[in-house]
Amino acid sequence: MPNETKQSCATAYKTMIGGQALIEGIMMLGPEKKAVVVRKPDGGLEEQVEERVLIKDKHPALGLPLLRGVFNFCSSLANGVKALMYSASFFPEDEEEPEEPSRFELWLDRHLGSEKAASFFITVAVVLGIVFSVGLFILLPVPLPMWLRNLLEGVVRIVIFMGYLMLCSHMKDIRRVFQYHGAEHKTIFCYEHGLPLTVENVRIQPRHHPRCGTS
């Protein structure tokens with residue numbers, strides 16, 4: 001009896017499936033098919049299922065080492081953006097009334113014109129970005145020992161990245177996408193464990209998947 005249980009668990013485990021969170025939806029990728037489901041504003045579910053055709057099947061030369069990694073990455077990126085745009089099409093942006101320009105914007109428009117004012121802001125942003133980057137990552141660490149310089153650069157990059165994620169997570173729409181991301185991980189865990197895909201079975205699964213590309 002223990003041998004049968006161990007064998008059934010081993011055969012039920014599947015690894016060739018992944019996914020991506022969308023706007024009010026999820027895309028799931030399997031070896032043969034791609035499925036997208038989006039929850040529409042009226043609460044209904046819109047499903048789209050397509051057969052997958054891998055690049056290496058169309059062009060065997062692109063399945064060679066080195067080449068396949070590049071083209072698989074580009075293909076995954078294209079599929080993800082396409083699915084994301086598809087989910088976004090169900091949620092048109094609200095038309096908002098244009099805001100009145102500030103006094104500073106009016107002053108720039110009178111003295112420089114709209115096109116010159118836009119160029120002015122872009123130039124200032126580029127210059128400040130370069131100055132900030134050079135000062136923070138080149139000039140500031142120069143007097144420091146190499147190990148301390150590397151440590152400082154690493155800490156600054158991690159702080160910037162984590163701060164960016166924390167700010168994004170407080171945005172209502174992005175936080176909702178993060179929730180669908182966790183639900184996608186739970187669903188894949190449930191599928192890999194050979195359990196029926198029910199809400200009860202999915203809910204008890206972990207949110208963090210070891211094969212997540214984001215990790």
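The values are calculated or read from the model by the stated rules, or taken from the named source; none is laboratory data. Values in this document were obtained by computation on a predicted structure and should not be read as measured data. Using ideal geometry, Cβ is built from the backbone for each residue, glycine included, and neighbour counts are taken over all protein chains shown. Quick note on the areas: whole protein, heavy atoms, side chains included, nothing else; ligands and nucleic acids left out. Shrake-Rupley method; radii C 1.70, N 1.55, O 1.52, S 1.80 Å.
One residue alone among A61, A88, A10, A78 is under 21 Å from A183 (Cβ atoms) and at pLDDT below 85, and that residue is A88. Of all residues in the stretch 91-131, exactly one satisfies the criterion of being at pLDDT 75 or above and either on the phi > 0 side of the Ramachandran plot or surrounded by 12 or more Cβ atoms within 10 Å (Cβ to Cβ) (or both), namely F91.
Of everything listed in (1) closer than 26 Å to R39 by Cβ; (2) open to solvent by less than 90 Å² (accessible area, probe 1.4 Å); (3) assigned to a helix (DSSP H, G or I), the single unmet condition for H209 is (3). Of all residues in the stretch 161-184, those that are loosely packed, with under 10 Cβ neighbours inside 10 Å and modelled with pLDDT of 80 or more total 1.
For (1) assigned to a loop (DSSP other than H, G, I, E, B); (2) touching a strand residue (DSSP E or B) at 6+ places or on another chain (Cβ under 7 Å); (3) under 30 Å from I174 (Cβ atoms), each residue gets a yes or a no:
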site: G43; (1), (2), (3): yes, no, yes
site: E46; (1), (2), (3): no, yes, yes
site: V49; (1), (2), (3): no, yes, yes
site: K56; (1), (2), (3): no, no, no
site: P65; (1), (2), (3): yes, no, no
site: F73; (1), (2), (3): no, no, yes
site: A83; (1), (2), (3): no, yes, yes
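With respect to the conditions (1) free of Cβ contacts under 8 Å to residues at least 24 places away in the same chain; (2) exposed (fewer than 13 other Cβ atoms within 10 Å of the Cβ), N72 lacks only one, and its number is (2).
Scanning for something among the acidic types (D, E), over 21 Å from Y191 (Cβ atoms) and at pLDDT 75 or above, does the stretch 44-56 turn up at least one residue?
To start, the set of residues in the stretch 44-56 that are among the acidic types (D, E) comprises 46-47, 50-51.
Those left that are additionally over 21 Å from Y191 (Cβ atoms): 46.
When the remaining residues are screened for being at pLDDT 75 or above, the result is 46.
Yes, the conditions are met somewhere in the stretch 44-56.
Keeping to the stretch 185-206, report how many residues are under 20 Å from V36 (Cβ atoms), touching a helix residue (DSSP H, G or I) at 6+ places or on another chain (Cβ under 7 Å) and loosely packed, with under 14 Cβ neighbours inside 10 Å. The total comes to 1. Scanning the stretch 33-63 for residues that are in contact with an Asp or Glu (Cβ under 8 Å, 6 or more places away or on another chain), free of Cβ contacts under 8 Å to residues at least 40 places away in the same chain and under 17 Å from A78 (Cα atoms) yields K33, A35, E51, R52.
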